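Encoded as structure tokens, the structure appears first; notes follow it.
Derivation of every value follows stated rules applied to the coordinates shown; laboratory data play no part. The shown structure was predicted, so the numbers you read here are calculated from the model rather than taken from an experiment. Note: ideal-geometry Cβ built from the backbone for every residue, glycine included; neighbour counts use all protein chains shown.
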Amino acid sequence: MPDQVEPRGELEIRVLAMPADTNPSGDVFGGWLMSQMDVAGGIAADKRAKGRVATVAVTAMTFHRPVFVGDVLCCYVDIVKTGRTSLTTRVEAWVQRRSEEGKRIKVTEGTFTYVAIGHDRGPRALEER
């Protein structure tokens, strides 16, 4: 992982990692982190699609560092590709650790693809920008 000092994309969610989010070893569960990233990507996709979207793929996921209870997780989203009905986002997860006074640390990144959903619950074309 390159030494990236600033997140790329727009901040979509910020959430506190709690004890209920841990695995049996006491570390924050990777599935919880992935779900937060999917929510953030979905918010950005919903805004771009101007309506309902569904996750259709997670094509890359890299866990760089752990997330600890008490960390503030911040998910940043950048739309990297749009198709006729789908869009692909790059989601970066950064934390602010209580012990490091606001310093941001990149912990995870992934690529999520969403499809715009119509009233019939099938794919619909994205509106032109």
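Among the residues that make up the range 42-54, is at least one of them more than 20 Å from R121 (Cα to Cα) and touching a Gly at 6+ places or on another chain (Cβ under 9 Å)? Taking every residue of the range 42-54 in turn, none turns out to be more than 20 Å from R121 (Cα to Cα) and touching a Gly at 6+ places or on another chain (Cβ under 9 Å). The criterion of being touching a strand residue (DSSP E or B) at 6+ places or on another chain (Cβ under 7 Å) and within 24 Å of I117 (Cα to Cα) does not hold for R65. Comparison of R90, R65 shows that the only residue that is of a type in the set (K, R) and part of a loop (DSSP other than H, G, I, E, B) is R65. Filtered by the rule that a residue be over 14 Å from the mean Cα position of the chain (by Cα), surrounded by 14 or more Cβ atoms within 10 Å (Cβ to Cβ) and polar (S, T, N, Q), the range 46-100 gives T82, T85, S86, Q96. Restricting to the range 70-83, name every residue that is farther than 17 Å from I13 by Cα and not in a strand (DSSP E or B). Within the range 70-83, G83 is the sole residue that qualifies.
Checked against (1) in contact with a Phe, Trp or Tyr (Cβ under 8 Å, 6 or more places away or on another chain); (2) among the charged types (D, E, K, R); (3) closer than 20 Å to A20 by Cα, D71 passes all but a single condition, namely (1).
Residue under question is A60, and the condition is that it be under 12 Å from E109 (Cα atoms) and in contact (Cβ under 8 Å) with a residue 12 or more places away in the chain; does it hold? Taking the combined requirement at face value, the residue satisfies it. Determine whether K106 is basic (K, R) and free of Cβ contacts under 8 Å to residues at least 12 places away in the same chain. Taking the combined requirement at face value, the residue does not satisfy it. Checked against the criterion of being without any contact (Cβ under 8 Å) to a residue 24 or more places away in the chain, closer than 30 Å to E128 by Cβ, assigned to a strand (DSSP E or B) and basic (K, R), the range 40-57 contains not a single residue that satisfies it.
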